[in-house]
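Provided herewith is a single structure, encoded as structure tokens, for subsequent inquiry.
The values are calculated or read from the model by the stated rules, or taken from the named source; none is laboratory data. Worth saying up front: this structure is predicted, and the values here are computed from it rather than measured. FYI the Cβ positions are ideal-geometry reconstructions off the backbone, even for glycines, and counts take in every protein chain you see. With ligands, DNA and RNA removed, areas are computed over all heavy atoms of the protein, side chains included. Shrake-Rupley method; radii C 1.70, N 1.55, O 1.52, S 1.80 Å.
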Amino acid sequence: LMADSHLFSKGRVSYVHLKAAIDDALEKKILVPHTDGFTTPQALAIETAMLKGVFSQNHTVEPIRTKAEIQEALSKTTLTEDQKNAVMHCLQTTHRFVGVQGFSGTGKTTLMRTLKEFFQESGYSLL
């Protein structure tokens, strides 16, 4: 936060003043320590509510396809094993929400295109 604030201020604000402002915000609980830095109580409340909503939808849907159907279709693709595992998970889960993350260039878009095909072939309309 100090480095970003100093960079954003283009050197017009000293580290001493930045440190004092951060300490003041922490004391007033405008900022709270979190993971690798700081966040706000409002952001934590929003994230908590979102996670409760996501978790409340666990085990509420049926798998999209059978494991055998997915394996057969995946055998005809050029997806990596990790991508195939992700497709299998997404189509076999009973959770309404699934998150996909990965570094740039690791194949998330390719994975999503494959999932789109599976969903459309299963009768789902996608936005």
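Could you work out the relative contact order of the chain, using alpha carbon pairs under 8 angstrom and six or more residues apart, expressed as a whole percent?
18 percent.
While we're on this one: Express in nm, to one decimal, how much length is gained between residue 17 and residue 95 on full extension, taking 0.36 nm for each residue of separation and deducting their alpha carbon distance.
Roughly 23.3 nm would be gained on extension.
Here's a follow-up. Rounded to the nearest whole Å², what accessible area per residue is found for the range 1-126 with the 1.4 Å probe?
Ligands and nucleic acids excluded, the figure is 76 Å² per residue.
Further question: Summing -39500 (n - 2.57) over the DSSP H runs of n ≥ 4 in the chain and dividing by its residue number, what mean residue ellipticity at 222 nm do you reach, to the nearest 500 deg cm²/dmol?
Helices in the chain give a 222 nm mean residue ellipticity of -16500 deg cm²/dmol.
Determine which lysines satisfy two conditions relative to residue 29: a Cα distance under 19 Å, and not lying fewer than 8 residues away in the same chain.
Output for residue 29: 19.
Determine the distance separating the Cα centre of the range 68-85 from the Cα centre of the range 27-53; give it in Å without decimals.
Using only Cα atoms to place each centre, the spacing works out to 39 Å.
While we're on this one: List the trypsin sites (Lys or Arg not before Pro) within the range 1-94 that DSSP assigns to loop and that have no more than 14 neighbouring Cβ atoms inside 10 Å.
Taking the range 1-94 and a limit of 14 other Cβ atoms within 10 Å, the loop trypsin sites (Lys or Arg not before Pro) found are 10, 12, 28, 29, 76.
In a solvent-free Debye calculation with one equal scatterer on each Cα, what is log10 I(q)/I(0) for the range 16-80 at q = 0.19, 0.20 Å⁻¹, listed in the order of the q values?
Those come out to -0.84, -0.87, one per q.
Take the solvent-accessible surface of the protein heavy atoms, probe 1.4 Å, and return the percent of it on the chain that carbon and sulfur atoms account for.
Ligands and nucleic acids excluded, carbon and sulfur give 58 percent.
As a test question: what accessible area, to the nearest 10 Å², does residue 95 have when a 1.4 Å probe is rolled over all protein chains in place?
60
If you fit an axis through the alpha-carbon atoms of helix 108-121 and take the longest principal axis of the Cα set of the chain, what angle between them do you get, 0 to 90°, nearest 10?
The helix 108-121 is inclined about 40 degrees to the chain.
May I pose another question? With a bin width of 5 angstrom, please list the P(r) values of the chain as percents of all Cα-Cα pairs, from the 0 bin to the one holding the largest distance.
Per 5 Å bin, starting at zero, the Cα-Cα P(r) for the chain comes out as 2, 8, 13, 14, 12, 10, 8, 9, 9, 8, 5, 3, 0 percent.
Between residue 68 and residue 106, what is 0.36 nm times their sequence separation minus the Cα-Cα distance? Round to one decimal in nm.
11.1 nm
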